[in-house]
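Remarks on the structure that follows.
The values are calculated or read from the model by the stated rules, or taken from the named source; none is laboratory data. Predicted model only: the values in this text are computed from it and were never measured. No Cβ is skipped: glycine too gets one built from the backbone with ideal geometry, and neighbour counts run over all protein chains shown.
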Ligand code: MG
């Protein structure tokens, strides 16, 4: 199944839905939090309405440095950490397909990061690695947009990765997928920038869910970004960035700037 959040043409109401070809069929509620039934309503065609971020999480947990060649691509002396590096993005950073990434500081280097995202379907606390994938409801594509100047300047990554629009996600959540060896690609204006597979992860999705669940309880609907492969690069106003995960689809976002830059 492919799960979407959707506005019909001219509508303000947000619907959860199932994708049936290009048609969106209505669901009675958030399918990641309890039983959502098909309403029988046809909400519209993909081309006629707008897709929203296909998740409504309490938190977005992210993993840094989970592909070997990315660890050293900007600093050859950097060592692979002994354990996963965790950080978080606020849900206010979420952005749907086709919406604009608004660069906060156009004079900074702001990079794309193509990532496989996991969506949690059952509360997960202290789960063993062997059972961890049973807690996943589905998979989608994400772009961990990152201000490199602020990452260095701040020493931690809340601001650098937490601006509004810095977490594009979608276009939908695919519930049936073997994630062992999925292509992970980013393109900027059609040029391929990142091109790896999930088989190159240092820590597997199952290990990451288990590891994170020993730190914090994962709630249904929560999202985990599993890290990005080598090939990250800058985004500039006017660009279009695409993140494609094999078996899921293409997440496409134009890039612009904020109307007013944030205070320094
Ligand atoms: Mg990342």
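Things worth noting here:
- Residue pairs meeting the criteria (Cβ under 9 Å; at least 6 apart or on separate chains; first over 21 Å from residue 169 (Cβ atoms) and outside any helix (DSSP H, G or I), in region 207-226; second within 16 Å of the ligand (Cβ to nearest atom) and at pLDDT 95 or above): 215/61; 215/86
- Residues located in region 58-79, provided they are more than 15 Å from the ligand (Cβ to nearest atom) and closer than 16 Å to residue 226 by Cα: 59
- Taken over region 115-158, the criterion of being without any contact (Cβ under 8 Å) to a residue 60 or more places away in the chain and away from the ligand (no atom under 15 Å from the Cβ) is satisfied by 131, 134, 149, 152, 153, 154, 155.
To keep it simple, each residue is scored yes or no on (1) at pLDDT 95 or above; (2) in a strand (DSSP E or B); (3) in the same structural domain as residue 218 (by TED's automatic domain parsing).
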site: 73; (1), (2), (3): no, no, yes
site: 87; (1), (2), (3): yes, yes, yes
site: 108; (1), (2), (3): yes, no, yes
site: 115; (1), (2), (3): yes, yes, yes
site: 130; (1), (2), (3): yes, no, yes
site: 138; (1), (2), (3): yes, yes, yes
site: 142; (1), (2), (3): yes, yes, yes
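- Residue check, residue 165 in a loop (DSSP other than H, G, I, E, B), closer than 26 Å to residue 32 by Cβ and in contact (Cβ under 8 Å) with a residue 60 or more places away in the chain: yes
- For region 189-241, the tally of residues that are under 15 Å from residue 143 (Cα atoms), buried (at least 23 other Cβ atoms within 10 Å of the Cβ) and more than 16 Å from the ligand (Cβ to nearest atom) stands at 0.
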